[in-house]
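Engineer: Got a structure for you, written out below as structure tokens; questions coming shortly.
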Amino acid sequence: MKPTPRILLPLVLALCSHAYGQASADPFGVLRKPIPDKLVILTFDDSVASHATVVAPILKQFGFGGSFFICDFDSFNTRKDWYMTWDQMRTMSNDGFDMGNHTLGHAGGASIGPFLGMEYEFAANNLPKPTTLGWPVFMNNPATTPDLVAHHYTFGRGGVGRAYVPTADDPFNIPCSFFNGTYDSFVSEAQRAINGRIMVLSTLGCLTRDSGQDARTTCGAGILARRLSIPMF
Ligand SMILES: [Zn+2]
């Protein structure tokens, strides 16, 4: 399966040239242009309200992109103080952020059904059809790939804790690392984005303090986003 030439979620950060070897050559001919060093992709899962109220405005301020994987997680339909509204998601989409599919039902290892279920919600709420996805609980199901291709998906984020090598990795199981909310962990992960590798970071949280959930990630994502504009090395 060839990845498309489109960069999933472009975000270039200032990184040092840490000593990692060159990623594999391009035996399948998937690259249409070289992958620059310092390419980091930010992804945010689970439709949390502060993705719209905290993260997106900061990313927008600095001209960065991001991918937000949407599901009807937990009390999505009843606690709109905790989870994004469709109005907020439409605004983010109009601002150029990638609004991706995280399934209806937060279904790890899903078949196509839960993805189509979330697509229906997108359509019913006037959001563009998603073409990227994040596997819930990082659980990929390769058997679903043909159906995803047939429904015009291009990339899917998995989760194996290493950098993404587009010339070698399955574009429907893109490796990512979990961002734990600290600046040091971000720096150490981002330093892997060299020599043909792309670092994909996953942030589950950035939950509002009102939700009673992990406020640390709220602070962490805010700090991270603000520091993206500061030379780190
Ligand atoms: Zn999730």
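Read-outs throughout are calculated quantities, based only on the coordinates presented, and are distinct from any laboratory measurement. These numbers come from a predicted model, not from an experiment. So basically every Cβ, Gly included, is an ideal-geometry build from the backbone, and we count neighbours across all protein chains shown.
Engineer: Just how far, in whole angstrom, is the stretch 71-104 from the stretch 109-148 if you go by their alpha carbon centroids?
Structural biologist: 14 Å
Engineer: What would the Debye formula give as log10 I(q)/I(0) at q = 0.16, 0.17, 0.23 Å⁻¹ for the alpha-carbon point model of the stretch 47-163, no solvent?
Structural biologist: -0.73, -0.83, -1.38
Engineer: Another question, then. Arrange the peptides 26-37, 63-74 so that the one whose residues have, on average, the most other Cβ atoms within 10 Å appears first.
Structural biologist: 63-74, 26-37
Engineer: Follow-up. Could you grab the relative contact order for the stretch 135-196? Cα pairs under 8 Å, six or more apart, rounded to a whole percent.
Structural biologist: With pairs under 8 Å counted, the relative contact order is 28 percent.
Engineer: List the extent of the Cα atoms of the stretch 78-131 along each of their three principal axes, largest first, rounded to whole Å.
Structural biologist: 30, 25, 18
Engineer: May I pose another question? Assign unit charges at the C-beta atoms only (+1 for Lys and Arg, -1 for Asp and Glu), then state the dipole size of the stretch 44-141 relative to its Cα centre in Debye, rounded to the nearest 20.
Structural biologist: 120 debye
Engineer: Please report the antiparallel percentage of the DSSP beta bridges confined to the stretch 28-161, to the nearest 5.
Structural biologist: Approximately 10 percent, going by the DSSP bridge assignments.
Engineer: Moving to a separate point now. Can you compute the radius of gyration and Dmax for the stretch 121-169, using only the Cα atoms, both in Å?
Structural biologist: 12.6, 37
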